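Asker: My structure is below; once you've seen it, I'll send some questions.
The values are calculated or read from the model by the stated rules, or taken from the named source; none is laboratory data. Here the structure is a predicted model, which is why all the values come from computation and not from measurement. Glycine gets a Cβ as well: all are built from the backbone with ideal geometry, and neighbour counts include every protein chain shown. Ligands, DNA and RNA are stripped out before the accessible areas are found, and what is left, the full protein with its side chains, is counted by its heavy atoms. Shrake-Rupley method; radii C 1.70, N 1.55, O 1.52, S 1.80 Å.
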Amino acid sequence: MALAVAFLILIVAAPAAVFGVEHTVGDTKGWESGVDYAAWASGKTFTVGDTLVFTFVGNHEVDEVTSANYNSCSSSNSIEDYSDSPAKITLSKAGPRYFICPTPGHCSAGMKLTVDVVAAGTPSTTPAPPTTTPTTPTTTPAPPTATTPSNNDSPPPPPPPPNNSPASSLHMNLVGVPLVLATLIAFMC
């Protein structure tokens with residue numbers, strides 16, 4: 001019985017595997033001439049563990065290249081070549097990654113993509129929208145009296161709201177659930 005309880009605690013306390021997001025490059029248009037890949041990537045967050053899926057037909061391919069080769073549209077020293085579609089590329093480390101189509105003229109015509117990969121658990125740099133709308137007071141403040149200080153000090157600002165990001169919620173769930181279960185099991189034994 002004790003072995004079963006220990007095994008249950010181990011299973012519940014083990015962190016759940018976190019799977020990345022699968023990004024289909026170019027969405028429904030895929031990896032094709034005439035797509036603005038800078039616009040496609042803008043506003044997206046690429047995280048370590050995510051996968052880029054390049055879907056293409058015809059004479060397209062995907063080469064991962066250095067920054068210099070990206071800027072010059074050269075695939076002569078490519079880091080990795082992908083000739084089969086769909087090419088699935090897992091983003092395994094943080095930092096910029098550069099991809100081009102090596103078919104002559106395609107990269108210079110816009111078939112190139114750069115993504116900036118952030119470490120897992122890194123908060124997004126996009127600020128969250130405010131949750132409340134400031135309102136203008138509808139009452140007129142009372143004039144100062146003998147007991148009211150007249151130095152016009154404003155009250156201190158309210159404390160910032162708690163961080164309710166999905167990452168912090170996931171962390172709390174992964175920590176809190178095993179502790180609750182372990183406590184319940186301990187009382188049952």
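Asker: Six or more apart or on different chains, Cβ atoms under 7 Å: show the pairs whose first residue is in the stretch 98-115 and over 17 Å from residue 84 (Cα atoms) and whose second is surrounded by 16 or more Cβ atoms within 10 Å (Cβ to Cβ) and among the acidic types (Asp, Glu).
Answerer: If the second residue must be surrounded by 16 or more Cβ atoms within 10 Å (Cβ to Cβ) and among the acidic types (Asp, Glu), the pairs left are 98/64.
Asker: Being modelled with pLDDT of 50 or more and either surrounded by 11 or more Cβ atoms within 10 Å (Cβ to Cβ) or hydrophobic (A, V, I, L, M, F, W, C) (or both) is true for just one of 34, 20. Which residue is that?
Answerer: Going through 34, 20 in turn, just one is modelled with pLDDT of 50 or more and either surrounded by 11 or more Cβ atoms within 10 Å (Cβ to Cβ) or hydrophobic (A, V, I, L, M, F, W, C) (or both): 20.
Asker: Going by the structure shown, is residue 80 within 14 Å of residue 114 (Cα to Cα) and of a type outside the set (Gly, Ala, Ser)?
Answerer: no
Asker: On to the next question. Look at residue 75 and say whether it is in contact with a Pro (Cβ under 6 Å, 6 or more places away or on another chain), modelled with pLDDT under 95 and not hydrophobic (A, V, I, L, M, F, W, C).
Answerer: For residue 75, the condition - in contact with a Pro (Cβ under 6 Å, 6 or more places away or on another chain), modelled with pLDDT under 95 and not hydrophobic (A, V, I, L, M, F, W, C) - is met.
Asker: In addition: Please specify each residue of the stretch 41-64 satisfying the condition of being open to solvent by 30 Å² or more (accessible area, probe 1.4 Å), in contact with a Phe, Trp or Tyr (Cβ under 9 Å, 6 or more places away or on another chain) and under 18 Å from residue 108 (Cβ atoms).
Answerer: 61
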